[in-house]
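To start, the structure under review is shown below, and the notes come after it.
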Amino acid sequence: MPALTAAQIVAIASRYTPPDAPCACSALKCAGWESLPATFDASLLRSVGRTNDRDPYDEPTLEEHHPQGTRYDAPDAPIALGHFPYNRCEVWQCVRCARPFLRYTEYGGYYVDQRIRELNAALVVDTAATQD
């Protein structure tokens, strides 16, 4: 899976035009981070790339980026590519309408949770260059 630049990620999100009729992916109401519902048919999404090109043995930061006081799960939280969780995401698209999403796996003490968020081009902030 290729690493995508911030410009490529914004382009993917910017090209999306909502369809006239609801798509199967419309069941995902994920303007902010949410758990991918177990009832959602994940085969409706295809992987496009990943948000970083880091060495797999280099642990990315767990620091979040909220300069306007937003929270992790807020719909208006910035998509800060150099910060958690965006620095460990994959970019996915609906196979039918090309709606773009970000996905990552949350590893908790006693659980594994697939998280998903709709990719909104207006919220993308390229903070990756400052996270070396």
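Here, each number is a calculation from the coordinates, and none is a lab measurement. Remember, predicted model here, so these are calculated numbers, not experimental data. Please note: Cβ atoms are built from the backbone with ideal geometry, for glycine as well, and neighbour counts cover all protein chains shown.
Descriptive notes on the structure:
- The equivalent ellipsoid that matches the C-alpha gyration tensor of the range 6-130 spans semi-axes of 22, 17, 14 angstrom, in descending order.
- Difference of contour (0.36 nm per residue) and Cα-Cα distance, F84 to R71: 3.5 nm
- Charge dipole (the chain, unit charges on Cβ, about Cα centre) - positive-most of P100, Y111, H66: P100
- In the chain, the calculated helix contribution to ellipticity at 222 nm averages -2000 deg cm²/dmol per residue, counting -39,500 (n - 2.57) for every DSSP H run with n ≥ 4.
- Angle between the chain longest axis and helix 6-15 axis [Cα atoms, degrees, rounded to 10]: 20
- Taking packing as the residue-averaged number of other Cβ atoms within 10 angstrom, the listed peptides 21-29, 61-69 run from highest to lowest as 21-29, 61-69.
- The mean sequence separation of alpha-carbon pairs under 8 Å and at least six residues apart, normalised by the residue count of the chain, gives a relative contact order of 33 percent.
- Whole-Hz couplings from phi, Karplus 6.51/-1.76/1.60, listed for the range 87-92; x for Gly and Pro: 6, 9, 9, 10, 9, 10
- Ascending count of other beta-carbon atoms within 10 Å, so fewest first, for R103, R96, R88, R117: R96, R88, R103, R117
- Other-chain or far-sequence residues with amide H under 5 Å of C89's (modelled H): T51
- Label-point gap, in nm, between Y107 and M1 - each point 7 angstrom along Cα→Cβ: 1.5
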